[in-house]
1. Here's a check for you: in the range 86-101, which residue that is of a type in the set (S, T, N, Q) and open to solvent by less than 80 Å² (accessible area, probe 1.4 Å) is nearest to Glu39 (Cα to Cα)?
2. Tell me which residues, restricted to the range 4-29, are under 15 Å from Arg114 (Cβ atoms) and modelled with pLDDT under 95.
3. Among the numbered conditions (1) surrounded by 13 or more Cβ atoms within 10 Å (Cβ to Cβ); (2) small (Gly, Ala, Ser); (3) over 15 Å from the mean Cα position of the chain (by Cα), tell me where Ser76 comes up short.
4. Do you know which residues across the range 5-22 are surrounded by fewer than 21 Cβ atoms within 10 Å (Cβ to Cβ) and assigned to a helix (DSSP H, G or I)?
5. Taking the range 50-72, which residues are surrounded by fewer than 17 Cβ atoms within 10 Å (Cβ to Cβ) and without any contact (Cβ under 8 Å) to a residue 24 or more places away in the chain?
6. In the range 68-85, what residues are under 16 Å from Phe37 (Cβ atoms) and modelled with pLDDT under 90?
7. Farther than 20 Å from Arg55 by Cα and not in a loop (DSSP other than H, G, I, E, B): does that describe Ser87?
8. Within the range 79-99, take every residue that is of a type outside the set (Val, Ile, Thr) and within 14 Å of the chain's Cα centre (by Cα) and give me the one that is nearest to Gln46 (Cα to Cα).
Amino acid sequence: CRLVAYAWRVGDFYYAFAYVMAANFLLRCRDELIGMFFEQLSFNLQITPCTVSLRLDSRKNMPQGTSMKRRCICQSHPWLCPVHMTSRLCEKVGRQMKGKIFPFSYSSLQNVLRAHLSALGEPNAQEYSTKAFRRGTAREMVASQSSLAEVLAAGQWRSAAFLLYIDKMDVEE
């Protein structure tokens with residue numbers, strides 16, 4: 001949340017949005033996030049809570065593609081809401097929801113992520129990678145009492161590989 005708010009405050013709107021999407025959808029940044037198009041997103045604002053869906057043409061272990069849906073979380077985490085951060089991004093940068101979303105490369109995302117973390121006082125900022133989004137979300141889910149099945153489903157993991165991301169003690173509790 002602090003990372004997104006910081007990126008937004010310094011005018012790095014696309015990076016803030018990338019952080020939101022990577023964390024909410026547990027995306028692999030190099031393969032799934034960077035090349036994303038607005039046309040892959042669809043919104044349902046007629047239900048409560050409203051939702052956003054993301055369609056990936058392929059995903060590791062899912063070459064046929066997949067769709068994922070996330071709901072509005074403005075009440076609890078307004079900076080992390082995947083539904084409304086999309087419209088905020090478009091407002092701030094003055095563009096329509098068409099075409100490729102991110103105007104930067106994977107290496108730029110990684111470098112800016114580290115710079116943002118460093119500016120926030122993170123001691124080992126240069127050691128972070130974009131896997132921190134998948135790991136952080138998995139850990140947060142476990143900490144908030146999500147079941148292992150829910151964590152597996154959210155990241156679309158098909159094996160116990162996600163256990164590398166979380167603390168074994170938290171799972172056992």
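The values are calculated or read from the model by the stated rules, or taken from the named source; none is laboratory data. Keep in mind the model is a prediction, meaning the values are calculated, not measured. As a convention, Cβ positions derive from the backbone with ideal geometry for all residues, glycine included, and neighbour counts pool all protein chains shown. Surface areas here come from the heavy atoms of the whole protein model, side chains and all, with no ligands, DNA or RNA. Shrake-Rupley method; radii C 1.70, N 1.55, O 1.52, S 1.80 Å.
1. Going residue by residue through the range 86-101, those that are of a type in the set (S, T, N, Q) are 86-87, 96.
Next, from what is left, pick out any that are open to solvent by less than 80 Å² (accessible area, probe 1.4 Å): 86-87.
Values: Thr86: 12, Ser87: 14 Å.
Filtering first and then ranking leaves Thr86.
2. Ala22, Cys29 - these are the residues of the range 4-29 that are under 15 Å from Arg114 (Cβ atoms) and modelled with pLDDT under 95.
3. Here Ser76 clears every test but (1).
4. Ala5, Tyr6, Trp8, Arg9, Phe13, Tyr14
5. First pass over the range 50-72, keeping only residues surrounded by fewer than 17 Cβ atoms within 10 Å (Cβ to Cβ): 50, 53, 55, 57-67, 69, 71.
Within the range 50-72, Ser53, Arg55, Asp57, Ser58, Pro63, Gln64, Gly65, Ser67, Lys69, Arg71 meet the criteria.
6. Step one: of the range 68-85, the residues under 16 Å from Phe37 (Cβ atoms) are 68, 82.
The answer is Met68, and nothing else.
7. On the way: farther than 20 Å from Arg55 by Cα: no; not in a loop (DSSP other than H, G, I, E, B): yes.
For Ser87, the condition - farther than 20 Å from Arg55 by Cα and not in a loop (DSSP other than H, G, I, E, B) - is not met.
8. His84
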